[in-house]
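Since the structure comes first, as structure tokens, the remarks are kept for the end.
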Amino acid sequence: MSGKKLIVGNWKMNLTVQGASLYVHKLEKKIKTHRDVEVVLAPGMLALQSLGLQVNRRQFKLAAQNLYWKDEGAYTGEVSAYQLNGLVEYAIIGHSERRHIFHEHDKDTRGKVQAAIRHDITPILCVGETAHEKAAHETHAVLHDQIVGGLANITADEVNGMVIAYEPVWAIGTGNNATPVDVEKAAQTIRDQIAHLYGAKVSKSVRVLYGGSVSSHNAASYLTTPGIDGLLVGGASLNAEEFSVMVELAHTFNETKNLARKAA
Ligand code: PEP
């Protein structure tokens, strides 16, 4: 856990290159740069290069929404971590839309996590259960399997500082957000699993995010949930007002916490 909050906006397959640029202009005006909040934008692949030239990296970092694990070759339609190196700081890997619409398995996410690390890109590994698995009380087992499967063959040094997003599949794009109590439990399960695999120090260094129908109305409850370092925001990240409120909330909570710590 780092003191800094991480707020990631996943734009999914929305906005043209020009639309993305106009939207970033809007965000630039609305979002203040705070040392204690890292704001990451994950636009479509096509917009990454132009936004890379447009954004001030102190204000916004960039993320890819996906990548391929081979560096180059005959893989029509894919973009590799090797090609993304230098363009993005982060990559979202194993998003539930990749797992469920494009049938990616842990074997795929593992290759992608490894490729990202190999090319100096911090992976944001997404894990989370389906509604069916939740009803069957399998959340713990699903998180365990996705972490073990997604991180196999990766060293403690490589896992150090990476990001894991708890994104229950049933909460994504549904307006049906998880309770902070469930999110706290999931974050604990994730950290316990990392501690089991890599030790307590690495477990503390991992940043855990919550994602799933986060909005400016419910963001505060996750930003104050123990074990949660920030948010992965889908739909609401395409609304400049909503997104900027979440960034300000993250800053305000951090500031309040620091003041309370100093006063104690
Ligand atoms: C996401 O795409 O990762 C996500 C959490 O989407 P939404 O916020 O729209 O539920």
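Got at least one residue in region 255-264 being in contact (Cβ under 8 Å) with a residue 60 or more places away in the chain, touching a Lys or Arg at 6+ places or on another chain (Cβ under 8 Å) and assigned to a helix (DSSP H, G or I)? Checked against the condition, which is being in contact (Cβ under 8 Å) with a residue 60 or more places away in the chain, touching a Lys or Arg at 6+ places or on another chain (Cβ under 8 Å) and assigned to a helix (DSSP H, G or I), region 255-264 yields no hits at all. Check whether at least one residue in region 151-172 is small (G, A, S), modelled with pLDDT of 95 or more and under 30 Å from E28 (Cβ atoms), and report yes or no. For region 151-172, residues small (G, A, S), modelled with pLDDT of 95 or more and under 30 Å from E28 (Cβ atoms): present. Open to solvent by 40 Å² or more (accessible area, probe 1.4 Å) and aliphatic (A, V, I, L, M), is that true of I92? Taking the combined requirement at face value, the residue does not satisfy it. Consider only pairs whose beta carbons are under 6 Å apart and that are at least six residues apart or on different chains; among these, list those whose first residue lies in region 151-176 and is within 21 Å of D229 (Cβ to Cβ) and whose second residue is of a type in the set (D, E, K, R). Once the first residue is within 21 Å of D229 (Cβ to Cβ) and sits in region 151-176, its partners that are of a type in the set (D, E, K, R) give V163/R207; P168/E129. From the list K26, K70, K107, the lone residue that is open to solvent by 80 Å² or more (accessible area, probe 1.4 Å) and modelled with pLDDT under 95 is K107. Evaluated against (1) more than 21 Å from V159 (Cα to Cα); (2) surrounded by 15 or more Cβ atoms within 10 Å (Cβ to Cβ); (3) polar (S, T, N, Q), N56 falls short on exactly one condition, (2). For region 162-175, the count of residues that are within 15 Å of the ligand (Cβ to nearest atom) and at positive phi is nonzero. Between E38, E78, the distinction of being more than 16 Å from the ligand (Cβ to nearest atom) and in contact (Cβ under 8 Å) with a residue 12 or more places away in the chain belongs to E38 only. Applying a threshold of 7 Å to beta carbon distances and a minimum spacing of six or more residues, or different chains, the list of pairs starting in region 89-112 at a residue that is farther than 12 Å from L125 by Cα and free of Cβ contacts under 8 Å to residues at least 24 places away in the same chain and ending at one that is open to solvent by 70 Å² or more (accessible area, probe 1.4 Å) and of a type in the set (D, E) is empty. If the condition is being closer than 15 Å to G86 by Cβ and outside any loop (DSSP other than H, G, I, E, B), then region 34-62 contributes M45, L48, Q49, S50, L51, G52, L53, K61, L62.
Could you grab me the full set of residues in region 198-226 that are aliphatic (A, V, I, L, M) and not in a loop (DSSP other than H, G, I, E, B)? If the condition is that a residue be aliphatic (A, V, I, L, M) and not in a loop (DSSP other than H, G, I, E, B), then A200, V202, V208, L209, A219, A220, L223 are the ones that fit.
Screening N85 with (1) at pLDDT below 95; (2) surrounded by fewer than 18 Cβ atoms within 10 Å (Cβ to Cβ); (3) not hydroxyl-bearing (S, T, Y) gives one miss only, at (1).
The single condition among (1) under 17 Å from the mean Cα position of the chain (by Cα); (2) more than 10 Å from the ligand (Cβ to nearest atom); (3) surrounded by 15 or more Cβ atoms within 10 Å (Cβ to Cβ) that K204 does not satisfy is (3).
Kindly evaluate A195 against the criterion of being of a type outside the set (D, E), within 14 Å of the ligand (Cβ to nearest atom) and surrounded by fewer than 22 Cβ atoms within 10 Å (Cβ to Cβ). Judged against the criteria, A195 is not a match.
Filtering G211, G227 for residues that are within 20 Å of K4 (Cβ to Cβ), buried (at least 20 other Cβ atoms within 10 Å of the Cβ) and not β-branched (V, I, T) leaves a single hit, G211.
The values are calculated or read from the model by the stated rules, or taken from the named source; none is laboratory data. Every value quoted in this text rests on a predicted model; they were computed, and no experiment measured them. Neighbour counts are summed over all protein chains in view; Cβ atoms, including those assigned to glycine, are modelled from backbone coordinates with ideal geometry. Quick note on the areas: whole protein, heavy atoms, side chains included, nothing else; ligands and nucleic acids left out. Shrake-Rupley method; radii C 1.70, N 1.55, O 1.52, S 1.80 Å.
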